[in-house]
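Quick notes on the structure that follows.
The values are calculated or read from the model by the stated rules, or taken from the named source; none is laboratory data. Small disclaimer: the values here were computed from a predicted structure and weren't measured. Here Cβ is always computed from backbone atoms with ideal geometry, including for glycine, and neighbour counts include all displayed protein chains. Each accessible area value is taken on the protein alone, full model and side chains, heavy atoms only, with ligands, DNA and RNA left out. Shrake-Rupley method; radii C 1.70, N 1.55, O 1.52, S 1.80 Å.
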Amino acid sequence: MVLVVVFGVALLIAVLLSGLAARTVLSTSFLFLVGGALVSDGFLGLIHITPDSGIVAVTADLALFALLFTDGMHVSFPKLRANWKNPARALGLGMPLAFVGMALVTHYVVGLDWTTSFLVGAVLAPTDPVFASAIVSRKEVPAKLRQLLNVESGINDGLALPIVLILIAAAGPTVGHAEASLGKIALELGGGLALGIVLPLLVTGLVRFRLLGAEPKLQPLLPLAMGMILYGLCHLTHANPYLAAFSAGAVLTGASPEAKAAFEPLGEALAELAKFAALLVFGALLTPQLFGDLSIGGYVAVVLAIVLIRPASLLISLIGTRFDRREKLVAAWFGPKGFASVVYGLLVLQAGISQGQEAYTLIAVCIAASIIAHSSTDVPIARLFHVEDLTGIPADNDTAEVRHGEEAGHARA
């Protein structure tokens, strides 16, 4: 119950400060991260959470699933078919470059062995735009830039997972079985994709039967029920839930735009709650001891991961595209590490590999630094595109109403 009270207090403070946060470098994500750290054993000792606590894996898993499901709903297949090359470049060239670059830095600067270094690179390769929502959720920002960041982050989680699992097997006692697990991993990814496509089509097909259909006030619950079924089926069948979530959101939007419109307000609110809960729990793991355990080389690697590896890899992948210089720089900067990296980092820690603790410490500090850096810079950078009224709240008391035709914005993550 203490955790529930702490979460409620943190949520109340975040809501009260969300208007201010959306116009400044203050971030609600940062508030939950710091709040979790303050109530942990490292400071006030109100809650007791360790990396092997069940609540850590569950909250991170649910948050990632919910966020990918709602992110998938922002994908437009007609636009994606017309502009698939930019996300393909980011995924096919930028992501592998970031993966290899992080592995090299981890090996030569931190001193981990090659297998563990590539494992760290794979864990930190996925990006998460939820910590840069003032960029990806605003229509004033160029659509091709928003689409690039959304599609890249939605798909790269699933692409990184098989590499993470293979490298864990190679680094641990199951080293001889890494190759044999390839078929299982492919089956999990294929199962997730299949469930993510079939279930939304089945549900939207049922709605079209003459005797079936939801009354207006219950329509938002239809995608919610589908998401709950999908999450359960994925875990029962060992299908990849993250690929399933993103593909299901995208397919549901294409098959039933009205269902997407009905669910969107509820879905966004639920995704925010899941994100905040996961941030609070993750923050509780950020004890002084964790930061003290990271070497000087580890801190150098964290800085390089944020300011050099991601920006350089994406800039290289965007050479020859129609993005202007400003758009390229913004896309290159916003490569925050998010819940996929949290989940995969916990897998590394729980695998029992020889350098797993060192790898997890580096991963956790890098995620925390990325959340702070990216969620605190999205509003200032969004203003480069003349994005105003970031929360739907007038900038001053003399402004009576939001400009006609402009959608109310969301509180920044």
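If you take just the helices (runs of 4 or more DSSP H) that sit entirely in the stretch 237-305, which of them hold at least 3 residues that are under 17 Å from D61 (Cβ atoms) and of a type outside the set (S, T, Y)?
Hits in the stretch 237-305: 241-255, 257-284.
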Hey, any hits in the stretch 17-34 for a residue that's among the polar types (S, T, N, Q), within 30 Å of L315 (Cβ to Cβ) and surrounded by fewer than 16 Cβ atoms within 10 Å (Cβ to Cβ)? yes
Quick check on the stretch 267-276. Is at least one of its residues in contact with a Lys or Arg (Cβ under 7 Å, 6 or more places away or on another chain) and either crowded, with 20+ Cβ neighbours inside 10 Å or in contact (Cβ under 8 Å) with a residue 40 or more places away in the chain (or both)? no
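Residues that are among the hydrophobic types (A, V, I, L, M, F, W, C) and within 27 Å of P380 (Cβ to Cβ): does the stretch 36-55 have at least one?
Within the stretch 36-55, one or more residues are among the hydrophobic types (A, V, I, L, M, F, W, C) and within 27 Å of P380 (Cβ to Cβ).
Working only within the stretch 101-115, note down all residues that are hydrophobic (A, V, I, L, M, F, W, C) and out of contact with any Phe, Trp or Tyr (no Cβ under 8 Å at 6 or more places or on another chain).
Within the stretch 101-115, M102, L104, V105, V109, V110, L112, W114 meet the criteria.
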Would you mind listing the helices (runs of 4 or more DSSP H) fully within the stretch 69-156 where at least 1 residues are at pLDDT 95 or above and in contact with a Lys or Arg (Cβ under 9 Å, 6 or more places away or on another chain)? 95-105
Among (1) open to solvent by 40 Å² or more (accessible area, probe 1.4 Å); (2) under 23 Å from the mean Cα position of the chain (by Cα), F209 falls short only on (2)
Which residue is most open to solvent (accessible area, probe 1.4 Å), if the candidates are limited to the stretch 212-235 and must be farther than 17 Å from M73 by Cα and in a helix (DSSP H, G or I)? K217
List every residue pair whose Cβ atoms sit under 9 Å apart, with the two residues 6 or more apart in sequence or on different chains, where the first one lies in the stretch 157-172 and is open to solvent by 10 Å² or more (accessible area, probe 1.4 Å) and the second, anywhere, is acidic (D, E) and in a helix (DSSP H, G or I). L161/E188; P162/E188; L165/E188
Might you check whether a residue that is modelled with pLDDT of 90 or more, over 29 Å from N83 (Cβ atoms) and more than 23 Å from the chain's Cα centre (by Cα) occurs anywhere in the stretch 300-317? yes
Looking at (1) in contact with a Ser or Thr (Cβ under 6 Å, 6 or more places away or on another chain); (2) assigned to a loop (DSSP other than H, G, I, E, B); (3) open to solvent by 10 Å² or more (accessible area, probe 1.4 Å), which is the one condition that is false for G335? (3)
Report, by residue number, each residue of the stretch 311-366 that is closer than 14 Å to L148 by Cα and hydroxyl-bearing (S, T, Y). S317, T321
Would you point out which residue out of V348, V307 is in contact (Cβ under 8 Å) with a residue 40 or more places away in the chain and out of contact with any His (no Cβ under 9 Å at 6 or more places or on another chain)? V348
Checking the condition at pLDDT 90 or above and polar (S, T, N, Q), which residue from T174, T253, T204, T237 passes? T237
